[in-house]
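To start, the structure under review is shown below, and the notes come after it.
The values are calculated or read from the model by the stated rules, or taken from the named source; none is laboratory data. Source: prediction; values computed, not measured. Cβ placement follows ideal geometry from the backbone for every residue including glycine, while neighbour counts extend to all protein chains displayed. Please note that ligands, DNA and RNA were not included when accessible areas were found on the heavy atoms of the full protein model with its side chains. Shrake-Rupley method; radii C 1.70, N 1.55, O 1.52, S 1.80 Å.
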Amino acid sequence: TVVFVPLRESAIHSATSVEHILPATKRIQTAAVVAELQAGRGHGMLWVLDGWDELPQQLHSDSIFHQLIEDPAELGLDSSTIVITSRPVASGNLYPSITSRIEILGFTAEEVKEYFTEALKDDLGSVNKLQNILSEHPIVEASCHTPLNAAIVTHLFLSHNHSLPTTLHGIFVLVVIGCLKRHMKKEGTDSHISSLDILPSCLKEPFHKICSVAYHGVMKNQATFSVEELEQIGIPHE
């Protein structure tokens, strides 16, 4: 039996018992299921805790999820198997508690070239130009071993007349500007934005608030934010 637990969902953050993380709607039935699981010490159960890096930092050390990882015997589930997914950078605190670790390394150099070739529709001239640009900027080039970054770089290369910024900061500034332009276009307003330092008046305050939330989230190793958190600082959910 597999139980998938989406840790990124704010509704599950208030869970305080095994009953709360089981996918059931009637608590009486759930309690019976938990009792049955504990009678067998969780034998045959696979718990998938998905998105440890997106769980609020305080719950890493004080929650039912932490207890399930650190002391499943206390919960009567010590014969269960537990799989945790997370970005490596945010999972160091788990290493003393786990028995094995698998990391996805991303594209090899050959796979990066293969992806560029496919994304650029077999236009070998464009592929060579892109690779030549990247070879002059090793940090940006190295980032392309992560598939998402390779997709971002290819998109920017295509949408900016076969040119690229020379730093990762420049890459992600263009990504943010692109997102803001898309929002402006959706709202039916002028979407001309050339710099994050010069934003339309309608964007300045909400963008500053979002940046503040992101900054403080990084300080707390928090990667996602609930609708409630955004509404508290005056950013409406749409």
I need every pair where a residue in segment 77-97 that is farther than 28 Å from Q38 by Cα has its Cβ under 8 Å from the Cβ of a residue that is among the small types (G, A, S), sequence separation at least 6 or different chains. R87/A223; A90/A223
From L164, L180, L174, L156, residue being part of a helix (DSSP H, G or I), at pLDDT 85 or above, in contact with a Phe, Trp or Tyr (Cβ under 8 Å, 6 or more places away or on another chain) and not hydroxyl-bearing (S, T, Y): L180
Since S79 meets every condition but one in (1) open to solvent by less than 20 Å² (accessible area, probe 1.4 Å); (2) assigned to a loop (DSSP other than H, G, I, E, B); (3) hydroxyl-bearing (S, T, Y), which condition does it not meet? (1)
Output for Cβ contacts, cut-off 8 Å, separation at least six or different chains, first residue farther than 15 Å from I69 by Cβ in segment 7-24, second open to solvent by 80 Å² or more (accessible area, probe 1.4 Å), reads S10/E228; E19/R27; H20/S14; P23/F4
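Quick test for you: out of E36, E19, E54, pick the one residue that is acidic (D, E), at negative phi and open to solvent by 70 Å² or more (accessible area, probe 1.4 Å).
Working: E19 fails: open to solvent by 70 Å² or more (accessible area, probe 1.4 Å); E54 fails: open to solvent by 70 Å² or more (accessible area, probe 1.4 Å).
Testing whether each residue is acidic (D, E), at negative phi and open to solvent by 70 Å² or more (accessible area, probe 1.4 Å) leaves just E36.
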Using beta carbons and a limit of 8 Å, which pairs, at least six apart or on different chains, have the first residue in segment 186-197 and acidic (D, E) and the second one modelled with pLDDT of 80 or more? D190/M184; D190/P200
Residue list for segment 87-112, filter: part of a helix (DSSP H, G or I), at pLDDT 80 or above and within 16 Å of I69 (Cβ to Cβ): L94, Y95, P96, S97
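Test R41 against the stated conditions and say whether it is open to solvent by 60 Å² or more (accessible area, probe 1.4 Å), in a loop (DSSP other than H, G, I, E, B), in contact (Cβ under 8 Å) with a residue 60 or more places away in the chain and not aliphatic (A, V, I, L, M). First the steps, then the outcome.
Working: open to solvent by 60 Å² or more (accessible area, probe 1.4 Å): yes; in a loop (DSSP other than H, G, I, E, B): yes; in contact (Cβ under 8 Å) with a residue 60 or more places away in the chain: no; not aliphatic (A, V, I, L, M): yes.
The answer is no for R41.
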Residues that are surrounded by fewer than 17 Cβ atoms within 10 Å (Cβ to Cβ), of a type outside the set (A, V, I, L, M, F, W, C) and part of a loop (DSSP other than H, G, I, E, B), drawn from segment 65-76: D71, E74
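Conditions (1) more than 30 Å from L59 (Cβ to Cβ); (2) in contact with an Asp or Glu (Cβ under 7 Å, 6 or more places away or on another chain); (3) open to solvent by 30 Å² or more (accessible area, probe 1.4 Å), marked per residue:
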{"site": "A150", "(1), (2), (3)": "yes, no, no"}
{"site": "I177", "(1), (2), (3)": "yes, no, no"}
{"site": "I198", "(1), (2), (3)": "yes, no, yes"}
{"site": "I210", "(1), (2), (3)": "no, no, yes"}
Considering only segment 47-62, state which residues are of a type outside the set (V, I, T) and either within 14 Å of the chain's Cα centre (by Cα) or under 15 Å from L22 (Cα atoms) (or both). W47, L49, D50, G51, W52, D53, E54, L55, P56
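Hey, any hits in segment 217-226 for a residue that's more than 21 Å from Q57 (Cβ to Cβ), in contact (Cβ under 8 Å) with a residue 12 or more places away in the chain and either in a helix (DSSP H, G or I) or out of contact with any Cys (no Cβ under 7 Å at 6 or more places or on another chain) (or both)? Reasoning before the result, please.
Restricting attention to segment 217-226, the residues satisfying the condition of being more than 21 Å from Q57 (Cβ to Cβ) are none.
No, that holds for no residue.
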Checking the conditions here, which among H192, H169 is open to solvent by 80 Å² or more (accessible area, probe 1.4 Å) and part of a loop (DSSP other than H, G, I, E, B)? H192
